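Rule-based calculations on the coordinates, nothing more; no lab input. None of these values were measured; they are calculated from a predicted model. Cβ placement follows ideal geometry from the backbone for every residue including glycine, while neighbour counts extend to all protein chains displayed.
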Amino acid sequence: MPDRAVPGAPRRGRLFAVDHLSDWNLLRAFLVVSGHLERDDAARRLGLSARTLTRRLGQLERELDLRLLIRSGSRTTLTPAGARLRDGLVGPIAEISAQLDDVRRQRPVTTLRIAISTDLPAGWAEEVRAWLHQRGRPAVVELRAAPAIDGLLGSGLIDLALLLGEPTELPGMVVGYEPAVVALPENHPAAGRTGIATGALSDLPIVVPETATSAHRQIVGELLRGDGASGQLITAPIVGTTDPGMLHAAREHRAAALVLARNARRLDTTGLVIRPLEPAHLVPVMLAGRSEVPLRQVRALAEELIGIPGSPARSAAPPASS
């Protein structure tokens, strides 16, 4: 991308036309990188992953229509336009930062409260705690059963929640997916297959959690029995988390259950076999916030979570940590 001024930019009194930037944090990221040209070091200072930092720098270059940096391995050098932008921004940004710090000192420090569904594999809680550590802001992370989270968000007792499902009434976004697998009796004819096709378990009862909605029941039934098929439904109680109860019910009633792949690897599957679905079925993981929470807080955490394996920005595989 050639070094050139943004079309239509003012020629006097300003270095670049930056009033149209979508996010002024892009400038902060650029300034930190320009002072610490090792990208990993700059990312640590900003409390971001190297991937997120690279994405922000690329966005800044696209929005200014300027090439600011030249990347070679982990090293970064400034173009002439990048050096000019750095020199022009250092003073104004420092003044803005000083004013913001003064305002912050005059407000009470609030604690961010985040609930994480106990149905999620442990890797998600680790990612949230790492994000909070980088921010350095007081926070409380609670592991909660999924049914209780909706009430906590609605009553304002928590600010953010990470749980299975799609955004509905509350502000939120999908930040990743967890692959689901089928647990079925080990002596069932389909147990010897490498995967379970839609409709292959039409002769088995189907296990659903006691909190399952009618839509959830229909989806599970179609995945395991096939479109339009009907049969016995076994309701599994939630004992702490959903999947242990699902596996217990599948074992006791010789039934089929849909559970998260990473949870199944850590639970008792005696008398059952675990097989993937063909085609694969992915369960969305949602970050939701109560209505009063600034959307930027939801987006900030979502941006970090979307960068981990298993997210829509990467692949369909689950996060590496268990």
Margin query: Rounded to two decimals, what is the ratio between the C-alpha radius of gyration of segment 25-105 and 2.2 N^0.38 Å?
Written below: 1.09
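Among His216, His248, His133, what is the fewest-to-most ranking by other Cβ atoms within 10 Å? Write out the running numbers ahead of the final one.
Values: His216 14, His248 18, His133 11.
The most exposed by this proxy come first: His133, His216, His248.
Taking a ≥ b ≥ c as the square roots of the Cα gyration tensor eigenvalues, with a/c under 1.5 meaning rounded and otherwise prolate when a/b beats b/c, else oblate, which class fits segment 179-281?
Details: a/c = 1.37, a/b = 1.06, b/c = 1.30.
In terms of gyration-tensor shape, rounded.
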Notebook entry, point to check: Can you list the HN-Hα couplings for segment 267-284, worked out from phi with the Karplus curve (6.51, -1.76, 1.60; θ = phi - 60°), rounded to whole Hz and with x for Gly and Pro?
Noted result: 10, 6, 10, 3, x, 10, 10, 10, 10, x, 7, 10, x, 4, 10, 10, 9, x
